[in-house]
Amino acid sequence: MKKKLIYFAGFLLIASSVSSCEGLFQICKTCKYVTYEGGNVISEGSPVEYCGDDLLVIEATPPVVTGNLTTKYECR
């Protein structure tokens, strides 16, 4: 009986420490929305962390140009 409890406790320990593989190898970056006027920063959004597919979408988003204002995501 004692052996079964030890095996069960070991199984629970291993099962709780293993997470899905999806989060282990994802690349994450912190991105923020930045607005430029003539090359000078006039406003910045709050930094937000993006990972995986969400990061790919953010990095593929083209800059929005309105008159002499350019707004785009910048990631680090």
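The values are calculated or read from the model by the stated rules, or taken from the named source; none is laboratory data. Please read these numbers as outputs of a predicted model, since none were measured by experiment. Here the Cβ positions follow ideal geometry from the backbone for every residue, glycine too, while neighbour counts run over all protein chains shown.
Here are some notes:
- For the stretch 46-76, a residue qualifies if it is of a type in the set (Ser, Thr, Tyr) and either touching a helix residue (DSSP H, G or I) at 6+ places or on another chain (Cβ under 9 Å) or at positive phi (or both), and the qualifying residues are Tyr50, Tyr73.
- Of all residues making up the stretch 65-76, the number that are β-branched (Val, Ile, Thr) and over 11 Å from Val34 (Cβ atoms): 2
- Qualifying positions in the stretch 41-55 - modelled with pLDDT under 95 and surrounded by fewer than 12 Cβ atoms within 10 Å (Cβ to Cβ): Asp53
- Selection of first residues in the stretch 57-76 that are touching a residue at least 24 places away in the same chain (Cβ under 8 Å) and of second residues that are part of a loop (DSSP other than H, G, I, E, B) and hydroxyl-bearing (Ser, Thr, Tyr), restricted to Cβ pairs under 7 Å at least 6 apart or on distinct chains, gives the following pairs, ordered by first then second residue: Tyr73/Thr61.
- Cβ-Cβ distances below 6 Å connect the following pairs, each with a first residue in the stretch 13-42 that is closer than 21 Å to Ala60 by Cα, a second residue that is of a type in the set (S, T, N, Q) and at pLDDT 95 or above, and a separation of six or more residues or different chains: Thr35/Ser43; Thr35/Thr71; Tyr36/Thr70.
- Conditions (1) assigned to a loop (DSSP other than H, G, I, E, B); (2) at pLDDT 95 or above; number of the one not met by Gln26: (2)
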